[in-house]
Each structure stands twice: as C-alpha cells, then as structure tokens.
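The values are calculated or read from the model by the stated rules, or taken from the named source; none is laboratory data. What you see is a predicted model, and the numbers here were worked out from it, not measured in a lab. Cβ: placed from backbone, ideal geometry, glycine included. Neighbour counts: every protein chain shown.
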Amino acid sequence: MERVEKWFSDNCPYAEGVAIYSESKSPNANLLRLFKKQSSANFEKLKYELGKLRNSAAPVIAKIPEKPKLNIEATAIAAEKKQQLMFHDLPPELRPELLKANELFRKNCFLKVTLNDLEPDAEEEALRMQMQISDNFKINRICWKKIDFWLEHRQLPKELTSGFEKLTAAQLVKKQQYLFQNISKMKKRFDENLNLISTMESISGKARLQKLATKQDADLIKKNEELQIITKLIDGR
C-alpha cells in the first residue's frame with residue numbers, strides 16, 4: 001500500500017499509523033483498543049502490523065510476532081570487530097558508552113536464548129522480552145554512534161540536553177512528535193549532503209560540505225538520544 005510506504009518513510013508518526021491500521025481490511029478490535037494508548041511496546045506492535053500490510057495484501061491478523069531464533073555464532077562474528085575496541089582506545093568521556101554497549105549486547109544474547117526457550121503459549125512474556133530486546137538494541141546503537149563519531153572525526157559528540165523530567169505528560173508527547181519529524185528531516189538533509197560530497201570535485205567545496213555533514217551527524221546522535229529518553233519517560237520506565 002502506497003499510504004503505508006509513505007508512513008514508514010515519514011518516520012512512522014504514531015497517530016497517523018493508528019488511523020491507517022483502523023482503515024485497513026478487517027482491523028482487529030483488541031489491537032485498536034490497545035493502540036489508543038501510545039507506548040514503546042504499542043509503537044513496535046503498530047509497526048509490525050503495518051509492516052505486514054506493506055509486505056502483503058492479506059488482511060491484518062492480530063498475532064504475536066514469531067520468536068526470533070538466535071544464531072549465536074553469526075552474532076558473535078558480527079560483534080567481534082567492535083569488541084576488539086579497548087577502553088584505553090577511547091577518551092574518558094566515551095568509556096562508559098563502550099561499557100554500556102557491551103553490557104547491552106550480552107543482555108540481548110541472554111534474552112534471545114531465553115525467548116527461544118519459552119513455551120508457545122507464553123505470548124505476554126514473549127512480547128515483553130521482544131520489546132526489551134528492541135529497546136536494548138536502540139540504546140546500543142546510540143552508544144556505538146557516539147563511539148563511531150569520535151573514531152571518525154576525533155571529536156566528542158554533543159552533550160545531551162537535560163531537564164526532560166520536568167515536562168508534563170502532554171509536553172513530553174509533543175516533544176516526542178517534534179523529534180520524530182525533526183530527525184526525519186535532518187536525516188534526509190544529511191544523506192543528501194553525503195551524496196553531494198561523493199560527487200563534488202571542488203576540494204574547498206567538499207571540505208565545507210564535509211564540515212557541515214559532521215555537524216549534522218553530531219546533531220542526529222543527540223536528537224536520537226533525546227528521543228530515546230523521552231520515549232522512556234512517556235512509558236514510565
């Protein structure tokens with residue numbers, strides 16, 4: 001469906017996604033009631049259901065996603081290169097990020113093995129664990145973005161804005177929606193600049209654009225981390 005494709009390309013605004021699902025063929029009444037409350041778990045479930053619409057013309061049927069099977073060997077090989085990075089290779093400000101990234105990787109290995117061993121009827125526990133794995137991956141990705149940014153530019157990423165705890169629930173939701181839209185626009189401009197850099201012949205022009213792209217990359221890291229924190233506050237975690 002073209003509308004679903006556009007929803008994914010627009011960074012998945014929650015309210016619009018619920019509207020699309022409610023207008024699809026044979027929407028599940030229980031899911032519609034569930035989606036009235038916005039949370040990380042419901043957002044992931046909404047993306048899963050609309051993803052099925054995108055990949056198939058079949059009606060959306062409510063079911064818990066199949067438990068992912070963990071290929072420990074493949075996962076370990078993929079992580080081996082990053083695990084070779086040592087704490088002394090990083091400035092003091094980023095060493096806690098490396099520690100957090102490694103801990104989250106190990107936690108997800110444990111969670112995935114445990115998830116694979118659950119009984120088929122343990123749907124609620126399976127969904128809870130899948131949401132935890134998803135959250136861990138998002139935080140892990142932000143940690144590595146900070147580290148990769150320093151490795152590439154030898155610059156520390158921007159400091160995170162604080163004080164979100166003082167916002168009201170309505171202000172948090174408004175801020176969350178603003179960040180979704182802002183990140184989508186920033187990512188588009190960043191990708192466009194990267195494409196221009198690869199084709200630009202002027203050395204001075206390429207240097208100026210590279211400097212701009214570096215700043216945009218740092219801004220994206222900060223905004224994604226803010227979004228992660230605000231989403232947790234909205235969900236009460």
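Things to note:
- Residues that are over 20 Å from Tyr48 (Cα atoms) and not hydrophobic (A, V, I, L, M, F, W, C), drawn from region 109-136: Thr114, Asp117, Glu119
- Among residues of region 12-50 being more than 26 Å from Lys185 (Cβ to Cβ), of a type in the set (Gly, Ala, Ser) and in a loop (DSSP other than H, G, I, E, B), the one that is modelled with the lowest pLDDT is Ser26.
- Any hit, region 223-236, residues being exposed (fewer than 13 other Cβ atoms within 10 Å of the Cβ) and either without any contact (Cβ under 8 Å) to a residue 40 or more places away in the chain or among the acidic types (Asp, Glu) (or both): yes
- Scope region 139-152; condition in contact with a helix residue (DSSP H, G or I) (Cβ under 7 Å, 6 or more places away or on another chain) and either of a type in the set (A, V, I, L, M) or exposed (fewer than 14 other Cβ atoms within 10 Å of the Cβ) (or both); matching residues: Ile139, Ile142, Ile147
- Hey, Lys145 among the basic types (Lys, Arg), under 20 Å from the mean Cα position of the chain (by Cα) and not assigned by TED's automatic domain parsing to the domain that holds Phe105 or not: no
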